[in-house]
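Here is the structure we will look at, set down as structure tokens.
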Amino acid sequence: MVTAPRAVPHGPHALRLALLDALTAGAGLGYLAHQYREALVANLAAIGLALLFAFVLGYAIRAAARVLRRANRRVDAIFAEELRKPSPRPR
């Protein structure tokens, strides 16, 4: 089985960076919610449906990526098996 290199660095630096990203995103969303409070309250149903759609879309993309990864592993296994067989025509 071939494993791809990880794009995420190991160690405590990765955790610190993830926490800093979450803090920055939370502060930005909090600022926007404070600025556009009336618009959020007036359009709560539309915002909820948009968030639900975004979560469903994310789940569908994740499921599709898993299916494609599984199919890729099967194709790799078939190629590896075929390459191990001797050639039917000697050269």
Residue count for the range 24-43, restricted to those that are in a helix (DSSP H, G or I), of a type outside the set (Gly, Ala, Ser) and either touching an Asp or Glu at 6+ places or on another chain (Cβ under 9 Å) or surrounded by 10 or more Cβ atoms within 10 Å (Cβ to Cβ) (or both) = 7
Would you please list the contacts, defined by Cβ atoms under 8 Å and residues six or more apart or on different chains, that run from a residue in the range 47-69 that is under 17 Å from Leu29 (Cβ atoms) to a residue that is among the hydrophobic types (A, V, I, L, M, F, W, C)?
-> Ile47/Leu40
Does Arg91 satisfy being at pLDDT below 85 and not polar (S, T, N, Q)?
-> yes
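The values are calculated or read from the model by the stated rules, or taken from the named source; none is laboratory data. These numbers come from a predicted model, not from an experiment. Here Cβ is always computed from backbone atoms with ideal geometry, including for glycine, and neighbour counts include all displayed protein chains.
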